[in-house]
Amino acid sequence: MRRLALALAGLLSFAAPALAAEGGPALPAQSWSFNGFFGTYDRAALQRGFQVYREVCASCHGLRHVAYRNLTALGYSMDQVRAIAATIEVPTLNDAGETVNRPGLPADRFRTPFANPLAARAANNGALPPDLSLMTKARAGGADYVYALLTGYTNPPAGVQLMEGMNYNTYFPGHQIAMAPPLNADQVQYGDGTRATVQQMARDVSTFLTWAAEPELEARHRMGVQVFLFLILLTGVLYAVKRKVWADQH
């Protein structure tokens with residue numbers, strides 16, 4: 001289950017610079033509910049994506065820009081959020097100045113899984129797993145890139161010799177990536193009965209990480225629609241005024 005976390009670490013650490021430097025392979029465009037002028041997040045997909053993050057990614061990656069209370073935007077009730085937050089322990093100081101752990105609260109931000117960067121590197125073969133809060137905004141292709149990378153593992157074509165410890169990935173620049181295939185069918189068990197195929201889990205976690213990076217997306221889209229309608233109305237009013245003004249000149 002740590003393999004998805006390590007794959008995402010590779011994503012953030014060197015995948016996007018390689019795409020920028022080498023052009024990168026063309027990403028297959030995906031149809032996302034949040035794309036487009038009227039785009040919105042699919043709440044069921046967000047909850048499934050959170051489950052993938054929680055069960056697979058969170059052991060190595062933090063989400064420091066997201067507080068547990070923000071999960072209400074995914075459709076969870078506050079009681080559910082309290083229960084989710086309470087499953088983690090947060091270090092704090094007691095009256096004697098000693099460090100003790102308390103159950104997490106909705107106001108707490110997602111826990112960093114390691115005490116410090118040295119501990120993180122020691123647990124991940126020298127690699128520092130990055131925080132995932134802004135991953136899809138920071139990488140060219142956004143959700144399309146995450147999905148393509150997570151589903152792009154395959155056997156190398158005939159005649160292609162992989163370097164030791166590398167894996168073939170169709171959408172990774174150079175096609176050789178150190179991360180092993182991170183997702184396996186039925187790796188998680190979705191509560192809504194959705195089959196946890198590799199493609200489904202990749203779509204869901206890509207959706208969740210897009211929300212984590214852009215929680216204001218729906219509000220921005222609503223504002224854009226309102227501004228667009230206002231401009232249409234204003235154009236009509238200005239046209240009517242123009243006709244009235246010019247009519248008086250004849």
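The values are calculated or read from the model by the stated rules, or taken from the named source; none is laboratory data. Small disclaimer: the values here were computed from a predicted structure and weren't measured. All Cβ positions, glycine included, derive from the backbone under ideal geometry; neighbour counts span all protein chains shown.
Assorted remarks:
To keep it simple, each residue is scored yes or no on (1) over 20 Å from the mean Cα position of the chain (by Cα); (2) in a helix (DSSP H, G or I); (3) not small (Gly, Ala, Ser).
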residue	(1), (2), (3)
ALA148	no, yes, no
GLN161	yes, no, yes
GLU164	yes, no, yes
PHE172	no, no, yes
SER206	no, yes, no
LEU209	no, yes, yes
ALA212	no, yes, no
VAL237	yes, yes, yes
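- Filtered by the rule that a residue be of a type in the set (Gly, Ala, Ser) and at pLDDT 50 or above, the stretch 11-53 gives GLY23, GLY24, ALA26, ALA29, SER31, SER33, GLY36, GLY39, ALA44, ALA45, GLY49.
- The one condition from (1) under 23 Å from THR40 (Cα atoms); (2) among the β-branched types (Val, Ile, Thr); (3) modelled with pLDDT of 90 or more that VAL227 does not meet is (3).
- Close Cβ contacts (under 7 Å, 6 or more residues apart or on different chains) running from residues in the stretch 49-63 that are within 15 Å of ALA143 (Cβ to Cβ) to residues that are among the polar types (S, T, N, Q) and part of a loop (DSSP other than H, G, I, E, B) are absent.
- Every condition in (1) of a type in the set (Lys, Arg); (2) touching a Ser or Thr at 6+ places or on another chain (Cβ under 9 Å); (3) free of Cβ contacts under 8 Å to residues at least 24 places away in the same chain holds for LYS137 except the one numbered (3).
- Matching residues in the stretch 93-124 - criterion: being among the polar types (S, T, N, Q) and surrounded by 11 or more Cβ atoms within 10 Å (Cβ to Cβ): THR112, ASN124
Yes/no per residue for (1) closer than 20 Å to CYS57 by Cα; (2) at pLDDT 90 or above; (3) of a type in the set (D, E, K, R); (4) not assigned by TED's automatic domain parsing to the domain that holds PRO25:
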site	(1), (2), (3), (4)
ILE84	yes, yes, no, yes
THR92	no, no, no, yes
ARG102	no, yes, yes, yes
ASP131	yes, no, yes, no
THR154	no, yes, no, no
PRO157	no, yes, no, no
TYR171	no, yes, no, no
MET179	yes, no, no, no
